[in-house]
1. With labels modelled as points extended 7 Å from the Cα through the Cβ direction, what inter-label distance (nm, one decimal) is found for LEU3 paired with LEU81?
2. With the crude spin-label approximation of a point 7 Å out along Cα→Cβ, what separation in nm comes out for ILE10 versus MET51?
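Please treat every number below as a calculation from the coordinates, not as lab data. Bear in mind the structure is a predicted one, so any value in this text is a computation, not a measurement. Neighbour counts run over all protein chains shown; Cβ positions are idealised from the backbone, glycine included.
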Amino acid sequence: MALITIMILIILISVAFMTLIERKILGILGNRLGPNKTSITGLFQPMSDAMKLGTKNIISLRNFSYKIFYIVRRLILAVSLST
């Protein structure tokens, strides 16, 4: 179980850094600086993108408790990461 968890973490971290490298290369090809909004070299840009995606609302909720919506969202994330 611990080996699988470590492998999943390694894969997630490598995907984040591959995204960063891809953005840097596309920035160089497009003659711009690339992702450097969240830190000097853009190391925290993939985490910032993940947080932005997690807080983005795709549908508008009317007459609904936002507290329940956000609690369930975080609960689902915690359960999926712990299994």
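1. About 2.5 nm, to one decimal.
2. 2.8
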